[in-house]
Each structure stands twice: as C-alpha cells, then as structure tokens.
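To start, the structure under review is shown below, and the notes come after it.
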Amino acid sequence: MAKYKIEVEIDIDFKKFFDNIPDGLFEDKEGCDKHYELESIYDVLNKIHTNALMNKIEWMSKDEYKYAEHHILIEEEISKQLSKKCKVTKCKVTKILNQL
C-alpha cells in the first residue's frame, strides 16, 4: 500500500463573484453567508468522485473495459478518498509586502 499526503492552498475571492451580481443577491448586499465558502469547496470535492463514477459507468459498456478497468478503479478510489478524507480549513489572511 502506498500513502500520499496532498496539500493545497487555494485563494478564492468569493466577494468578487457576489459583487458582480446585478443589484446584489441579498438585501444587505453582504455577499455570501459564512457557510457558503466551505459548502462550495466540499461540493467541488464531491463532484470529483461523481465524475470518476460517471466515467466508470461510461466505460462499463465498452468492450475495452476489461483492459482499462484497473485504471478506472484506481481513479475511483483516489477520488473517493479525496472526497471523504479532505479537511478544509479557512486560513488567516496575511498581507505580504513585496520588498525591492
């Protein structure tokens, strides 16, 4: 068995997307609620697994499936673990000044 640790830091300006909605989405025009950011990240992670399952379904009806099955099952397992084991935390924002 091989173990891997995947680390990634993403930087999404959610406010920018909500600011572009004509007349604002909410009456208070505050943008998204505090849970939306995490929900949207987990939604994308879950879609990774869904896409792998859809790929498997497409391949199952092909004659070549028996030759590609091991690749498809590995992809499915990786995507399942990414979806289930990924922990998302909000980072503190720090500004870094460029020094010349």
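The values are calculated or read from the model by the stated rules, or taken from the named source; none is laboratory data. This is a predicted model, so every value here is computed, not measured. Positions of Cβ are generated from backbone atoms using ideal geometry, with glycine treated the same way; all protein chains shown enter the neighbour counts.
So here's what we get for this one:
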| read-out | value |
| --- | --- |
| Residue selected from the range 57-75 under the condition part of a helix (DSSP H, G or I) and either of a type in the set (Ser, Thr, Tyr) or in contact with a Lys or Arg (Cβ under 6 Å, 6 or more places away or on another chain) (or both), by the criterion farthest from LEU45 (Cα to Cα) | TYR67 |
| Where GLU7 falls short, out of the listed (1) out of contact with any Leu (no Cβ under 9 Å at 6 or more places or on another chain); (2) modelled with pLDDT under 85 | (2) |
| Count of the range 10-34 residues which are modelled with pLDDT under 85 and loosely packed, with under 11 Cβ neighbours inside 10 Å | 8 |
| Neighbours by Cβ (under 9 Å, 6+ apart or cross-chain): first from the range 53-72, within 24 Å of SER83 (Cα to Cα) and surrounded by 13 or more Cβ atoms within 10 Å (Cβ to Cβ); second modelled with pLDDT of 95 or more and of a type in the set (Val, Ile, Thr) | ASN55/ILE72; LYS56/ILE72; TRP59/ILE72 |
| Residues within the range 44-81 that are closer than 23 Å to MET1 by Cα and of a type in the set (A, V, I, L, M, F, W, C), tallied | 8 |
